[in-house]
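Each remark here refers to the structure printed beneath this line.
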Amino acid sequence: MSSLGLTAAHPTPHPTIDLSELGEPDLVAQMELARLPRHIAVIMDGNGRWARRRRLPRLAGHRAGASAVHEIVETGSRLHLKALTLFAFSTENWKRPQTEISTLMSLLREYLRKELAEIHRNNIRLQILGRYEQLPVEVRQDLDDAMRITSGNTGMVLNVALNYSARSEMVDTIQSIIARVQRGELRAEDVTERTVSENLSTGGLPDPDLLIRTSGEMRVSNFLLWQIAYADIYVTETCWPDFTRRHLLEAIIDFQKRERRYGGLGEHGA
Ligand code: FPP
């Protein structure tokens, strides 16, 4: 970590990144493989606005949003990110109309049906963040299968945040730490930042170094609040359904420019 508290990027480029497979040669040429973020988190916002601008129903926006996920997961995996975390459904989203909730759940199941084989082939491990037990049973069954199938994979971890809020995650974490203290497994005075990090649902993963939010809102919306303490935040006006590999690479290049500027305190003696 730098003196400004920035999380370090990969120390060395991954030997097997094949740039030609990524396409977008103009952007790839600007990217430094030695400074890729290790963990990218995305607030996939703007499905509704995307649909409204096209005079389509909101649900069409969610459908287009679900289609956009494939390319970003594939690109993250090709770049050998350690983790990609997608905010798919917040604890507040239960307040939306029932038809919208059911559509989002169906889209998730459809995504798994269509993509699981490729996710597995790409050595990606699927994890769910959030209060899992409150999700509909059929969604849990599909997710259980997908997590079981990919559990031995050693490549990128794909975290899908579902029924997630950072504050409820923190409450759950505090409770699990208290329980360990009560069982005598841990002394209260030994609880450190590391204990908290390890007991969050992202335990074992590096914190996100880049948080991307689509569709222009300047908020973090109760997403990974502990974990994004030092993340760079990249907000784009592009709505999620229009967010492509190009946009992801642009966000990474912007992140690397900022990292170089901060690093410049040392590099340029400023
Ligand atoms: C925000 O758009 C987006 C969501 C609440 C859901 C995100 C879900 C998906 C992209 C599809 C399913 C996910 C996966 C992983 C397959 P919004 O409705 O809040 O947009 P608005 O702010 O423009 O109304």
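Take peptides 221-230, 69-78 and line them up by average Cβ neighbours within 10 Å, highest first, as a rough protection proxy.
Going by the mean number of other Cβ atoms within 10 Å, highest first, we get 69-78, 221-230.
Rank ARG109, ARG52, ARG213 by mean-square fluctuation in a GNM of the chain with C-alpha springs under 10 angstrom and give only the top-ranked residue. Its mean-square fluctuation being the largest, the pick is ARG52.
For the residues MET218, MET44, a 1.4 Å probe over the protein chains yields an accessible-area ranking, largest first, of MET218, MET44. For the chain, with all protein chains in place and a probe radius of 1.4 Å, 51% of the accessible heavy-atom surface sits on carbon or sulfur. A Stokes-Einstein calculation at 20 °C with viscosity 1.002 mPa s, built on the Kirkwood radius of the chain over Cα pairs, returns a diffusion coefficient of 109 µm²/s. Applying 0.36 nm per residue to the separation of LYS95 and GLU133 and subtracting their alpha-carbon distance, the gain on full extension is 11.9 nm. Taking only the C-alpha atoms of the stretch 123-173, the Rg (one decimal) and the largest Cα-Cα distance, Dmax (whole number), read 11.7, 32 Å.
So if I place +1 on the C-beta of Lys and Arg and -1 on the C-beta of Asp and Glu, and nothing else carries charge, what would the dipole magnitude of the chain be about its Cα centre? I want it in debye, nearest 20.
Values: 34 positive and 35 negative charges, 143 e Å.
For the chain, the charge dipole is close to 680 debye.
Taking all protein chains together and a 1.4 Å probe, the residues ILE43, ILE174 rank ILE174, ILE43 from largest to smallest accessible area.
Evaluated with a Cβ-only charge set (Lys, Arg +1; Asp, Glu -1), the stretch 130-181 carries a dipole of roughly 240 debye about its Cα centre, given to the nearest 20.
What order, most packed first, do the peptides 148-158, 120-130, 22-32 have when packing is the mean number of other Cβ atoms within 10 Å of each residue?
Working: 148-158: 16.1, 120-130: 19.3, 22-32: 13.9.
Sorting 148-158, 120-130, 22-32 by mean packing, highest first, produces 120-130, 148-158, 22-32.
In percent, rounded to a whole number, the relative contact order of the chain is 28, using alpha-carbon pairs under 8 Å and six or more apart. With N the number of residues in the stretch 85-124, Rg(Cα) / (2.2 N^0.38 Å) evaluates to 1.41.
A probe of 1.4 angstrom, applied to the heavy atoms of all protein chains, finds THR244 with accessible area near 50 square angstrom. Calculated accessible area for the stretch 40-144 comes out at 48 Å² per residue, all protein chains present (probe 1.4 Å; ligands, DNA, RNA ignored).
The values are calculated or read from the model by the stated rules, or taken from the named source; none is laboratory data. Note that the structure is a prediction, hence the values are computed from the model and not measured. Counting neighbours? That spans all protein chains shown, and the Cβs are built from the backbone with ideal geometry, glycine included. Heavy atoms of the whole protein, side chains included, go into the accessibility calculation; ligands, DNA and RNA do not. Shrake-Rupley method; radii C 1.70, N 1.55, O 1.52, S 1.80 Å.
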